[in-house]
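Report on the structure given below.
The values are calculated or read from the model by the stated rules, or taken from the named source; none is laboratory data. Note that the structure is a prediction, hence the values are computed from the model and not measured. Backbone-built Cβ (ideal geometry, glycine too); neighbour counts: all protein chains shown.
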């Protein structure tokens, strides 16, 4: 028998490289799409025959053989395999007529494999895949060994034999395949081979006339599928099993080739912004608990009542920006920045019907016609309007006469009673004398009245004093009576913050406070005398 070892040694590394390369593929080994597989294995052989046997006995060092096979997929249950195995074997008997032999053994068989991972007993892609195989083939062996020949005197003559065996055989095999990857499996097998040998052609040179040569072969090896299943969308699921054959590239799919939908909301994970929570297609798979059209993850107001219009953040619309949503806002047109109550209406602290933002006196009730401020009572108005008749000065001076104190005290009281008002004091003269002198005198007289009220507790910012000289007469200066009327000091109240009453009546003129702030002196020539003639403050008259 020729030595098969060099050929198989050359084939084995290439087969191993093919198996390793195929392990990176994604198709399942031996399916209708990939029907051909190749495999290589290492084997260990045990013998049973005329000289005895070593079934179940391990000899060391191990005598390891090699094998290979090609398998063709027939159906989920059956495969057809072409197998080959080569083994060097040495046998030594403890007691026998022929006590030892060496053999080079090759077996070539065609087998039908019965698979249990056919989907009926075990899943096709199960990790452990048991199978059975049976078939027949050809047994080849070259053997040599020692023998003894006994003569009639029972004298033994030693000799040596050389046999060549070329006989048919049958075999049966049981195996387990471990699925290492979709394309590669690890096979562990045990098979028994029965060669049809006879007298003179037995592997052990037997002359018994019986067929005793049997062999147990244990194997371990790798099997790799060849070819590639048609997979149009490249998702790893062959077209014949792919229920979603047009899946976009790179999308993870399930066993049916359909994009994964972890939360089961009908929106595949690759399109689902919330893949772990059931959601709506309109929101790219994200939930919307309050149904306002804004995903919960982006919804700053996740409990908005049904039917309420919302903005991009999911909060109820607040068109006027007052912090009260439109659906609760009873005053939806409130100007920006205005403080409102719980109903979205402008605050009205004093309850006078004039909202605070329009109310010059938000803490004191007053009519809208007076901008929400209390109106000065008629009696007080009369005192102010007629004050000019009772405020008198020494001739050609800005010195208040004592007769003026009573009316000034009344005006102090009015200013205390109406804290939302300011007072304009305007001084006037007749046309007699130098114009600049008269202007200065009108300022000084207004200043004298102002000073008196300041000394009686009225804040400086609430009283403005200015002079107009002879420019604003109210009577004819051609008569003494007219000149007397023109020499006057007017007292006009106005709501603080509104236009100064004197300027409204007579036009603009710098006030004493403005002149002082600018570091300027009173206009005109200095008069003959200023100041109050009283030596002590007159008490303020109370109502």
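In segment 373-388, is there at least one residue being within 52 Å of the chain's Cα centre (by Cα) and part of a loop (DSSP other than H, G, I, E, B)? Within segment 373-388, not a single residue is within 52 Å of the chain's Cα centre (by Cα) and part of a loop (DSSP other than H, G, I, E, B). Scanning segment 446-470 for residues that are touching a residue at least 12 places away in the same chain (Cβ under 8 Å) and assigned to a loop (DSSP other than H, G, I, E, B) turns up 456, 457, 458, 468, 469, 470. Residue count for segment 487-506 under the criterion of being out of contact with any helix residue (DSSP H, G or I) (no Cβ under 8 Å at 6 or more places or on another chain), closer than 19 Å to residue 469 by Cβ and touching a residue at least 24 places away in the same chain (Cβ under 8 Å): the result is 7. Inspect all residues belonging to segment 51-70 and state whether any of them is at pLDDT 95 or above, within 60 Å of the chain's Cα centre (by Cα) and closer than 22 Å to residue 229 by Cα. Within segment 51-70, one or more residues are at pLDDT 95 or above, within 60 Å of the chain's Cα centre (by Cα) and closer than 22 Å to residue 229 by Cα.
Taking the listed residues 497, 469, the one that is in the same structural domain as residue 416 (by TED's automatic domain parsing) and under 20 Å from residue 400 (Cβ atoms) is 469, with no other qualifying. Contact annotation: residue pairs with Cβ atoms under 7 Å, 6 or more positions apart or on different chains, pairing a residue in segment 399-411 that is in the same structural domain as residue 443 (by TED's automatic domain parsing) and free of Cβ contacts under 8 Å to residues at least 60 places away in the same chain with a partner that is crowded, with 21+ Cβ neighbours inside 10 Å and in a helix (DSSP H, G or I), are 407/387. From the list 221, 250, 227, the lone residue that is modelled with pLDDT of 90 or more and either under 30 Å from residue 34 (Cα atoms) or not in a loop (DSSP other than H, G, I, E, B) (or both) is 221.
Summed over segment 498-521, the residues that are part of a loop (DSSP other than H, G, I, E, B) and in contact with a strand residue (DSSP E or B) (Cβ under 8 Å, 6 or more places away or on another chain) give a count of 4. Across segment 180-216, the number of residues qualifying as modelled with pLDDT of 90 or more and either under 60 Å from the mean Cα position of the chain (by Cα) or not assigned by TED's automatic domain parsing to the domain that holds residue 139 (or both) comes to 9. The residues listed here are 359, 322, 363, 352; of these, the one that is without any contact (Cβ under 8 Å) to a residue 60 or more places away in the chain and touching a strand residue (DSSP E or B) at 6+ places or on another chain (Cβ under 7 Å) is 322.
Within segment 130-154, being part of a strand (DSSP E or B), farther than 25 Å from residue 201 by Cα and at pLDDT below 95 holds for no residue.
Anything in segment 158-172 that is crowded, with 16+ Cβ neighbours inside 10 Å and over 12 Å from residue 215 (Cα atoms)? List them, or say none. 163, 165, 167, listed by residue number.
Among the residues of segment 471-483, those that are part of a helix (DSSP H, G or I) and more than 11 Å from residue 432 (Cα to Cα) comprise 481, 482.
Being farther than 18 Å from residue 486 by Cα, buried (at least 21 other Cβ atoms within 10 Å of the Cβ) and either in the same structural domain as residue 511 (by TED's automatic domain parsing) or in contact with a strand residue (DSSP E or B) (Cβ under 8 Å, 6 or more places away or on another chain) (or both) is a property that holds for residue 423. State the number of residues belonging to segment 313-347 that are in a loop (DSSP other than H, G, I, E, B) and touching a helix residue (DSSP H, G or I) at 6+ places or on another chain (Cβ under 6 Å). Counting residues in segment 313-347 that are in a loop (DSSP other than H, G, I, E, B) and touching a helix residue (DSSP H, G or I) at 6+ places or on another chain (Cβ under 6 Å) gives 2.
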